[in-house]
Amino acid sequence: MNDRLPALDGLRVLEASEGVAGAYAGKLLRDQGADVVKLERSEGGDPLRRWSAATPDTPTAQTGALFAFLNGGKASMTGTGATRADELMAWADVILGDGATVALTEGRRRPDTSVVAIEPLGVEGPLAGAPATEFTLQAWSGLMSGCGTVATPPLQMGIAHGRWAAGAMAALGALAAHRYARRTGTGSVVEVSALEVMAVCLNNYPALYRQFTGSVSFMSRSGDWPQVVRCRDGWIGLCVFTAQQWADFAAMIGREDLAGDDRLNSMGGRARNRELAESVVRPWLETHTPAEICELGALFRVPVALVGNGRDVLTMDHFVEREVFVDRPEGFLAPRSPFLMSASPVRPVAAAPTLGGDDGDTSRRDTRPEPHPPATGAGGDLPLTGVTVVDLTAFWAGPAATHHLATLGAEVLKIESPTRPDGMRFATVKPPSDADWMEFGPTFHGTNPAKRSVTIDFSTPEGRELVLRLVEQADVVVENFTPRVLGNVGLEYHDLFARNRDVILLRMPAFGLDGPWRDRSGFAQTTEQVSGIAWMTGEADGDALVRSTIDPIAGIHGAFVVMAALEHRDRTGEGQMIEMPMVEVALNVAAEPIVTWSAYSTLLERAGNRGAPGAPQGVYACAGHEQWVALSITGDDEWRALVRVLGEPEWATDDALATGTGRRAAHDRIDAALAAWFDGRDRDDAVDALLAAGVAAAPVWDQMIQDELPQLAERGFTQWIEHPLAGLVGYPGTGLRADRFDNSYRAPAPTVGQHTTEVLRDELGLTDEELAALSRTGVV
């Protein structure tokens, strides 16, 4: 029976955190139906309340737009009194906070209450407790070492993705812990390390590349090109990272002769021959408008995109037709939830609470919440033990979603075509002449540990039937094809529903199941270009840059919404279809530029390494080749600490620099002085001195040796597992770990079709004769 309640109806969440990450975790949970109470300090509340990137040095007069977007529909209570805090801890099923929250709630929370601690660098390790900002975390994680161009210093990603990725991971961790508590009666402490989340989400597995090749030159600031390029009357976003995409693009611009040109048909080739690539591409682009190029891209199946920013996305026809942006009660537009649920509706938009507006509400003093019914398959060692996932995904975003489900205990059956396996297998470090060349793809390895690979050609009637028989025994199906694919092969939701009425189907198309862009090819690059993410990265007077980070962030969101749908099914017995367009995840990550334009008519622009809230904020060269320090000052006290480290030079004690406004106005002068101070100094000594003084600083860590960063190495971030062909492989973790269940990897990434025989024989009962016949006809 469909009760039309949100998926997480009845879940009680205490949000005892400040800033974007915890607030976004609370927003994701609230939108799915949880009752979220934001516990704030009595004086001023969460500092985010008065924040606006439009006026970074001046608090807003009213509740800021970003705070309103993240906290709409929550309750606000002030928590200076121990009585109220104790009441809320007795009431809550999940508490969102940090490492200090774990200690403060010890012995005061219910035995079945879980705590999610979001920490910038992790609760333990040599850097635990060190000052950090999004900017310095991007440096620690390795992101900056490969972001920029040969003509720039290492650059930040201007959207500050890490906050949103860590928040999404915290929401996923909250549901994992809550599900485990319902199975066992015991709450967990879940730790989310923003550094570890960012190490995966902001990099394309460089350490795996180094392991497979022995090379440390995979990524550099060579700048893959073309990405976002000027064309006639505007900008256009291009995605030509595979050889096939380059061949299609060459045909689109009338230069088929270039398709097989080894100088240009790979990212590395174009980086080495940038001048040649530009001489071919720029003249053609300069004679075509964005609309013309998009039309041609659709015809030639080349992923292209209009380039959005915080202003222009609001009027793009696809988003307008799909009603992606919704009116907020505070008077501005903001992205809706990226999830469209067929059975459990997302809660409607609501106003942000006033500070302490719910202090008089006594309804949450109940310390005896009604028990939830046991989860399906109760018992077991992990939150998703007993859950089976049929994984029809490929490339990165979809496999990243099922990857997280696998780490939490789900049995994931990865279905690949015998003739066209997962496209990420082709992004390999081995030549096709190597017999096992498809088994050395770093990104494939990174997103597929512990899955079982089953090769089935489901475009054939026999293959389709095999998939449907697996669906009959499954709980979840996940796919990320373009929308037409499932319909073409007869695997739409109604086909699955006819065989399994309680199955959950997650669809992850680039642009959605309807709308003008429905059938456009879309990768992370295209969604980042169109959403405004790319707009914010790069030098102020240069081209925008893309780093392809939305795939893994969308994967976290996909796993989260599957967990929410499982909660709904446990309560109602009802499955459903979920539509999660990757571009709508990107728009949520890019929410700050959007709400800043809509609320304040201020267009946020890329500015190299500058930007709110840091002033000064930059990357400075030290002694030695490619030795850089990232520095971010976000408050006046930190500025005074920096001045002491510098030795209190006369220029730094100027009263005009005592405030953020003054420092922002003098940024060029400060940068020049800081560059002179860092020049010739040892990088690590400089960072140690700054951290000891309470200043947020970091070395720009080389992403190729990411796994050697002491903080990651000491915390066991890399997990070593024997692979049947690649040997001992060091798989990076996820950034989420728990004290009550072990979500480390149980097996390596599978080889192509490694488990076909055992799955079809053991799960479907096929005989050896039937398997042989299917193999002869190419079905398996």
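Couple of notes before you dig in:
- Only listed residue being of a type outside the set (Phe, Trp, Tyr) and open to solvent by 10 Å² or more (accessible area, probe 1.4 Å), chosen from Ala474, Ala498: Ala498
- Count of the stretch 726-772 residues which are farther than 30 Å from Pro552 by Cβ and crowded, with 18+ Cβ neighbours inside 10 Å: 2
- Tabulated pairs, the stretch 166-192, first on the phi < 0 side of the Ramachandran plot and aliphatic (A, V, I, L, M), second assigned to a helix (DSSP H, G or I) and surrounded by fewer than 23 Cβ atoms within 10 Å (Cβ to Cβ), C-beta under 6 angstrom, 6+ apart or interchain: Val189/Val102
- Subset of the stretch 110-122 that is part of a loop (DSSP other than H, G, I, E, B) and open to solvent by less than 40 Å² (accessible area, probe 1.4 Å) - its residue that is nearest to Glu191 (Cα to Cα): Gly122
- A Cβ distance below 9 Å, combined with a sequence gap of six or more or placement on separate chains, defines the contacts here; from the stretch 574-588, residues that are under 23 Å from Cys201 (Cα atoms) and in a helix (DSSP H, G or I) reach residues that are open to solvent by 10 Å² or more (accessible area, probe 1.4 Å) and among the hydroxyl-bearing types (Ser, Thr, Tyr) in the pairs Glu584/Ser337; Asn588/Ser337.
- Scanning the stretch 573-587 for residues that are open to solvent by 10 Å² or more (accessible area, probe 1.4 Å), over 24 Å from the mean Cα position of the chain (by Cα) and not acidic (Asp, Glu) yields one hit, Gly573.
- Any hit, the stretch 14-25, residues being crowded, with 24+ Cβ neighbours inside 10 Å and either modelled with pLDDT under 95 or of a type in the set (S, T, N, Q) (or both): yes
- The condition (being touching a residue at least 12 places away in the same chain (Cβ under 8 Å) and open to solvent by 10 Å² or more (accessible area, probe 1.4 Å)) is satisfied by just one residue among Gly125, Gly107, Gly142: Gly125.
- Qualifying residue in the stretch 57-65 (condition: at pLDDT below 95, part of a strand (DSSP E or B) and open to solvent by 10 Å² or more (accessible area, probe 1.4 Å)): no
- Condition met for Gly158 (open to solvent by 10 Å² or more (accessible area, probe 1.4 Å), under 17 Å from the mean Cα position of the chain (by Cα) and small (Gly, Ala, Ser)): yes
- Condition met for Asp519 (in a loop (DSSP other than H, G, I, E, B), surrounded by fewer than 24 Cβ atoms within 10 Å (Cβ to Cβ), at pLDDT 95 or above and in contact with a helix residue (DSSP H, G or I) (Cβ under 9 Å, 6 or more places away or on another chain)): no
- Boolean, Glu605 is open to solvent by 10 Å² or more (accessible area, probe 1.4 Å), at pLDDT below 95, over 25 Å from Phe481 (Cβ atoms) and of a type outside the set (Gly, Ala, Ser): no
- Single match in Pro348, Pro335 (criterion: touching a strand residue (DSSP E or B) at 6+ places or on another chain (Cβ under 8 Å), at negative phi and not hydroxyl-bearing (Ser, Thr, Tyr)): Pro335
- Residue within the stretch 557-572 that is open to solvent by less than 10 Å² (accessible area, probe 1.4 Å), touching a residue at least 24 places away in the same chain (Cβ under 8 Å), over 19 Å from Gly694 (Cα atoms) and part of a loop (DSSP other than H, G, I, E, B) present: no
- Residue in the stretch 34-48 that is open to solvent by less than 40 Å² (accessible area, probe 1.4 Å), assigned to a loop (DSSP other than H, G, I, E, B), among the aliphatic types (A, V, I, L, M) and farther than 18 Å from Thr634 by Cα present: yes
- One residue from Ala675, Ala689, Ala656 being open to solvent by 10 Å² or more (accessible area, probe 1.4 Å), within 15 Å of Gln617 (Cβ to Cβ) and assigned to a helix (DSSP H, G or I): Ala675
- All positions within the stretch 297-325 that are outside any loop (DSSP other than H, G, I, E, B), modelled with pLDDT of 95 or more and open to solvent by less than 40 Å² (accessible area, probe 1.4 Å): Val313, Leu314, His318, Phe319, Phe325
- The single condition from (1) in a helix (DSSP H, G or I); (2) closer than 28 Å to Asn204 by Cα; (3) open to solvent by 40 Å² or more (accessible area, probe 1.4 Å) that Ser775 fails is (2).
- Looking only at the stretch 180-205, and only at residues there that are surrounded by fewer than 24 Cβ atoms within 10 Å (Cβ to Cβ) and part of a helix (DSSP H, G or I), the one that is farthest from the chain's Cα centre (by Cα): Thr184
- When the stretch 234-244 is filtered for residues that are touching a residue at least 12 places away in the same chain (Cβ under 8 Å) and either surrounded by fewer than 20 Cβ atoms within 10 Å (Cβ to Cβ) or part of a loop (DSSP other than H, G, I, E, B) (or both), the ones remaining, listed by number, are Gly234, Cys239, Val240, Phe241, Thr242, Ala243.
- Members of the stretch 275-291 that are in contact (Cβ under 8 Å) with a residue 24 or more places away in the chain, over 14 Å from Asp261 (Cβ atoms) and not β-branched (Val, Ile, Thr): Glu278, Arg282, Trp284, Leu285, Glu286, His288, Pro290
- Annotation: Ala590 fulfils all but one of (1) aliphatic (A, V, I, L, M); (2) open to solvent by less than 10 Å² (accessible area, probe 1.4 Å); (3) over 20 Å from Ser52 (Cβ atoms); the unmet one is (3).
- Condition check for Asp262: under 26 Å from Pro432 (Cβ atoms) and exposed (fewer than 15 other Cβ atoms within 10 Å of the Cβ): yes
- Qualifying residue in the stretch 246-266 (condition: of a type outside the set (S, T, N, Q), in contact with a Ser or Thr (Cβ under 8 Å, 6 or more places away or on another chain) and assigned to a helix (DSSP H, G or I)): yes
- Verdict on Pro431 being open to solvent by 10 Å² or more (accessible area, probe 1.4 Å), in contact with a Ser or Thr (Cβ under 6 Å, 6 or more places away or on another chain) and in a loop (DSSP other than H, G, I, E, B): no
- Of residues in the stretch 428-484 being closer than 26 Å to Leu202 by Cβ and among the hydroxyl-bearing types (Ser, Thr, Tyr), the one modelled with the lowest pLDDT: Thr428
- Filter pass, Val228 being of a type in the set (Val, Ile, Thr), touching an Asp or Glu at 6+ places or on another chain (Cβ under 6 Å) and either crowded, with 19+ Cβ neighbours inside 10 Å or over 30 Å from Leu172 (Cβ atoms) (or both): yes
The values are calculated or read from the model by the stated rules, or taken from the named source; none is laboratory data. From a predicted model like this one, the values you see are computed outputs, not experimental measurements. Heads up, the Cβs are rebuilt from the backbone with ideal geometry, glycines too, and the neighbour counts pull from every protein chain shown. In case anyone asks, the SASA skips ligands and DNA or RNA and just uses the protein heavy atoms, side chains included. Shrake-Rupley method; radii C 1.70, N 1.55, O 1.52, S 1.80 Å.
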